Amino acid sequence: MLDAVVVGAGPNGLTAAVELARRGFSVALFEARSTVGGGARTEELTLPGFRHDPCSAAHPLGVNSPAFRALPLDRYGLQWLHSELPMAHPFPDGTAAVLSRSVAETAASFGPRDAGAYRRLVEPFLPHWDTLVRDFMSLPLTALPRDPVTLARFGLAGLPPATWLLRRFKDERAKALFAGLVGHVIAPLGGLATGAVGLVFALAAHARGWPVPRGGSQAISDALAAYLEDLGGAVHTDYEVKRLDDLPPARAYVFDTSPTALARIAGFGDTYAHYRYGPSVFKIDYALDGPVPWTAPEARAATTVQIGASKDEISTALRAASREGRAPARPFLITVQPSIVDPTRAPEGKQVFWAYGHVPNGWSGDLTDAMERQLERFAPGFRDRVLARAVAGPAELAAHNANYVGGDIACGAASGLQLLLRPRLSLFPYHTPHPAVFICSSATPPGPGVHGMSGHNAAKAVWRRLRQR
Ligand SMILES: Cc1cc2nc3c(=O)[nH]c(=O)nc-3n(C[C@H](O)[C@H](O)[C@H](O)COP(=O)(O)OP(=O)(O)OC[C@H]3O[C@@H](n4cnc5c(N)ncnc54)[C@H](O)[C@@H]3O)c2cc1C
C-alpha cells in the first residue's frame, strides 16, 4: 500500500507530493492532462518557436515562497530571470509609476507627495520579510508564528480593505499602482484584507523581485516533477480521477482539485456547497513582430506591466466583473512580456506577450477589442506588431483545467472571509470529512498563485496524520 496518492499535478499537488516523498513516504501522483503543471505550463500556442504561458507567467510569489526556496529546484533546471524593473504601471501621459527592487526608486516614481507615505508603509516590514512571508503563508496555524509581533502589525495594516490603505496616498500614481496590485487576486478594492494583498506583492518585489522562469513557467512544474521522480515518486499523466476507487490503495489521498470536484469524487455530499467561485479572466497570448511599443520607457524595462489609467478606472473594472456581472468597457489589464529577458521564448527579434482582463464567471463574450483599445492607449501601434493571437475566455480556461470552475482562475472567490479562510471556516482547512482525504489546491490558504504553499501546508497535515498512525 502506498503512503500517499496525490490527485492533480499543479504547483500545489507537485509540492505536496515532493514534501511527502522527501520525508520518506511512498507517493504516486495522478494528473488528468498529458503533461504536469496545471496553472504553470508553457506551450506553443500560436506560431512555431513562440513559447507561451497559458496561465501563470510572473512569479513574485514563487521566488519568495518558503516552500520553493527550501527545495533544490535550481538543480532541476529552474532559473529565475529578472528584468531591470519588476513591474511598471504606465499612465496615458507617457510617464509611469514602478515597483523597483529599491524602495527609494519606487517611492520617487510616486512623486514627492506620496514618497514618504510609501516608505512608511513598507519599510517597517522589509527587515522581517522572510519570517513574515513564512508566518503569513502558514496561516491558519500550520506553524506557530516565528515573529507574532510583526505578523500582528502586518494584520493591522493589511486586514482592512485596500480602500483604507489607499487613503494614505494623495496622488493618482501610487493609488493606481497599489489598486492594480489588489487586482492580481481579482478582489474588489473594498474587500476584507485586500490591503494585505497589495502589501504582499509590493514587499515581494522589494525582497526578491517579480521574475519569470527561464523557458517559461513549465520550468517550475518540470523541476518539481523531476525532483519527485528522483525521490522515488511516480507520476501518472492522462489519468483523470472520477472516483476514489480509481486510485490505488493508500494511507492518505491529497487532492489538488476544486472543493466541488473533491466532494463529487469522494462522496462528500454538500460539505462544500457554500463555497463560492469568483470572476474569470479573458486571456490573450500574442506572438509579436517586436517589443510592445510602450510610450513609457519604464514599461519597456519591466516583465510585468499593469494597465489602468487611475484607481477609479481599475476599481470600476474590478467591480463590473466581480459584482455587476458584466465585462468592463475599459478592462484593467495585467500583462507580461517574458521574452524581454528570455530569448528562448521567441524567434530572434520577435516577442511573446500575455495579457488578461477580468470578466464575470462563465462570461461568453469576446474582450479582444476592448483589451486592444486599452493597450493602444499606452502602446500606440501595438496592433501592428501582432503576428498571431491565442484567445481563452472562461469556457476555454475551464475546459483546460477542471480547477477553473466557470473560468475562475483563483479556484474560488477571493472575497470576504473566503480570501483568508477557505474552503471552509476551519483552523484545519486541509482536512476533509474523511480522515484519510486532504485538499491542497489554491482553494486552501494561502490561496491563488504559484507558490506551492497550499501543497506544503497540506503535506504537513498529511505527514502528521501518517506519523500518528
Ligand atoms: C490566465 C492565468 C494567469 C495566471 N497568472 C499567474 C501569475 O502570473 N503568477 C502566479 O503566481 N499565478 C498565476 N495564476 C494562478 C496560478 O496559475 C494558480 O493559482 C496555480 O496554478 C494554482 O495551483 P494549484 O496546484 O492549486 O492548481 P492548478 O495549477 O490549477 O492545478 C490543478 C491540477 O489538477 C488537475 N486535476 C484537476 N482535477 C483532476 C482530476 N479529477 N483528476 C486528475 N487531475 C485533476 C488539473 O488538470 C491541474 O493540472 C494564473 C492563472 C491563470 C489561469
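On inspection, residue 147 qualifies as farther than 30 Å from residue 373 by Cβ, charged (D, E, K, R) and in contact with a Ser or Thr (Cβ under 6 Å, 6 or more places away or on another chain).
Restricting region 250-267 to residues that are assigned to a helix (DSSP H, G or I) and over 21 Å from the mean Cα position of the chain (by Cα) leaves a set whose member that is nearest to the ligand (Cβ to nearest atom) is 265.
Residues that are more than 6 Å from the ligand (Cβ to nearest atom) and either at pLDDT below 95 or among the aliphatic types (A, V, I, L, M) (or both) within region 43-62 comprise 45, 47, listed in sequence order. The residues of region 441-461 that are among the aliphatic types (A, V, I, L, M) and more than 7 Å from the ligand (Cβ to nearest atom), listed by number, are 443, 453, 458, 459, 461. The criterion of being hydrophobic (A, V, I, L, M, F, W, C) and more than 18 Å from residue 416 (Cβ to Cβ) does not hold for residue 159.
Go over the candidates 107, 40, 97, 28 one by one and state the one that is aliphatic (A, V, I, L, M), in contact with a Pro (Cβ under 6 Å, 6 or more places away or on another chain) and modelled with pLDDT of 95 or more. Please lay out each step first, then the result.
On the way: 107 fails: in contact with a Pro (Cβ under 6 Å, 6 or more places away or on another chain); 97 fails: in contact with a Pro (Cβ under 6 Å, 6 or more places away or on another chain); 28 fails: in contact with a Pro (Cβ under 6 Å, 6 or more places away or on another chain).
None of the others qualify; the one that does is 40.
The single condition among (1) away from the ligand (no atom under 11 Å from the Cβ); (2) closer than 20 Å to residue 193 by Cβ that residue 436 does not satisfy is (2). Could you run through region 399-419 and say how many residues are more than 10 Å from the ligand (Cβ to nearest atom) and more than 14 Å from residue 275 (Cβ to Cβ)? Here the count works out to 1.
Going residue by residue through region 309-329, is there one that turns out to be within 14 Å of the ligand (Cβ to nearest atom), under 21 Å from residue 177 (Cα atoms) and not in a helix (DSSP H, G or I)? Within region 309-329 (the criterion being within 14 Å of the ligand (Cβ to nearest atom), under 21 Å from residue 177 (Cα atoms) and not in a helix (DSSP H, G or I)), the answer is no, since none of the residues qualifies. Applying the selection to region 432-469, what residues are surrounded by fewer than 18 Cβ atoms within 10 Å (Cβ to Cβ) and under 17 Å from residue 140 (Cα atoms)? Within region 432-469, just 464 meets the criteria.
The values are calculated or read from the model by the stated rules, or taken from the named source; none is laboratory data. Since the structure is predicted, the reported quantities are computational estimates derived from the model, not experimental observations. For neighbour counting, all protein chains shown are included, and Cβ atoms are generated from backbone atoms with ideal geometry for every residue, glycine included.
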